[in-house]
1. What ranking do 163, 193 get, fewest neighbouring Cβ atoms within 10 angstrom at the top?
2. What nm distance separates the two modelled labels at residue 169 and residue 44, each placed 7 Å from Cα along Cα→Cβ?
3. Label-point separation (nm) for residue 55 and residue 3, each offset 7 Å from Cα along Cα-to-Cβ?
4. Hey, rough spin-label estimate for residue 101 and residue 37, points 7 angstrom out along Cα→Cβ, what's it come to in nanometres?
5. Which of 167, 199, 36 comes first, and how do the rest follow, when ranked by fewest Cβ neighbours within 10 Å?
6. Using mean projected area of the Cα convex hull in nm² as the read-out, say which of (1) 24.5; (2) 11.8; (3) 10.9 was calculated from these coordinates.
7. Hey, how many Å between the Cα centroid of the stretch 63-101 and the Cα centroid of the stretch 1-26?
């Protein structure tokens with residue numbers, strides 16, 4: 001049985017096109033389903049950041065539904081309410097990413113109690129924010145459950161230093177984006193890495 005960490009490639013959607021970090025179009029709308037069909041031959045899951053979901057509150061539900069016919073989708077679409085999560089799951093998304101610095105503890109609990117299909121992106125909150133969920137609060141109500149979490153690689157050392165004991169029940173995915181950084185975290189109990197898609201290799 002292969003116990004090595006999963007490598008989950010990530011990309012961005014904007015205005016029905018795949019874009020790079022500079023918002024330059026990489027795959028046009030007319031070619032997008034063929035693109036996802038092709039990459040599904042070599043991987044079984046894709047992490048999609050839906051820029052329109054973040055900026056306009058209008059994720060690509062119809063497109064995500066079609067993409068999910070080819071490959072398992074983890075959608076990072078700026079979801080802040082149970083209705084947002086429900087819409088994505090109804091569209092066929094497998095996992096909905098929830099950022100702890102964007103939701104209140106009550107919103108997080110409401111979503112968490114309703115569905116098992118979310119994954120928490122743990123973000124430190126420095127200073128006071130009434131709309132942000134502290135990591136302590138999230139881990140307290142997740143305690144004892146076998147759930148998955150995502151941690152940005154730049155926050156990994158800080159979060160592990162404070163909360164390492166909590167992670168024995170969780171699968172931890174590290175958001176690296178740069179695949180060359182994998183070796184920096186090889187001695188931790190990591191379930192997988194989220195890395196930027198290399199479009200030249202597709």
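1. 163, 193
2. 2.6 nm
3. Between residue 55 and residue 3, the simple spin-label model gives 4.4 nm.
4. My value for the distance between the label points is 4.0 nm.
5. Sorted ascending by nearby Cβ count, the order is 199, 167, 36.
6. (2)
7. Between the Cα centre of the stretch 63-101 and that of the stretch 1-26, the gap is 15 Å.
Only the coordinates and a few stated rules stand behind these numbers; no lab work does. Because the structure is predicted, anything quoted here is derived from the model rather than measured. FYI the Cβ positions are ideal-geometry reconstructions off the backbone, even for glycines, and counts take in every protein chain you see.
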